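J.: Right, I'll just put the structure down here and ask away after.
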């Protein structure tokens, strides 16, 4: 009469035992993951480190060669200039022949996509311009240009003493105008 109850107890006990075995295996695997790695590096890491050191030495050697070559060139040029100054007869410099053939280079201006205005907690306005996919503030460099000023009407760009004004595009979306 207690056989059915004891068989049920055995099955429950086996399930509990199986669960404890699974927990033990998972705990062992977790501990192996959390253990500190062995000291030192693998052979692949050591080989890569040696290769990087060789590369760094080659780059340093090449940089030194270039630097010494430039210094020799500068010193040679300086001595030629000094010798020319001593023996030179004052004559006006001839205009370069290529100067007549050169046409003015057209300026490619960036495309102004929009202007974003925001106010800080102290009510000072800050404007950012979106030109050719880049966000620029006043004083930022954009290629050869410097962003001089950003207003509601557009952006002022300066390059080499010349100034350009990019007009703000028509409003497609604004929080203030619906």
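To keep it simple, each residue is scored yes or no on (1) free of Cβ contacts under 8 Å to residues at least 40 places away in the same chain; (2) crowded, with 16+ Cβ neighbours inside 10 Å; (3) within 16 Å of residue 171 (Cβ to Cβ).
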position	(1), (2), (3)
116	yes, no, yes
122	yes, no, no
126	yes, no, no
131	yes, yes, no
135	yes, no, no
144	yes, no, no
148	yes, no, no
156	yes, yes, no
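J.: Taking the residues in segment 28-59 that are surrounded by 10 or more Cβ atoms within 10 Å (Cβ to Cβ) and either assigned to a loop (DSSP other than H, G, I, E, B) or touching a helix residue (DSSP H, G or I) at 6+ places or on another chain (Cβ under 6 Å) (or both) as candidates, determine which candidate is modelled with the lowest pLDDT.
T.: Restricting to residues being surrounded by 10 or more Cβ atoms within 10 Å (Cβ to Cβ) and either assigned to a loop (DSSP other than H, G, I, E, B) or touching a helix residue (DSSP H, G or I) at 6+ places or on another chain (Cβ under 6 Å) (or both), the top hit is 41.
J.: Which numbered condition trips up residue 81, out of (1) surrounded by 10 or more Cβ atoms within 10 Å (Cβ to Cβ); (2) at pLDDT 75 or above?
T.: (2)
The values are calculated or read from the model by the stated rules, or taken from the named source; none is laboratory data. Quick caveat, the model's predicted, so the values are computed rather than measured. Virtual Cβ from ideal backbone geometry, glycine too; neighbours counted across all protein chains shown.
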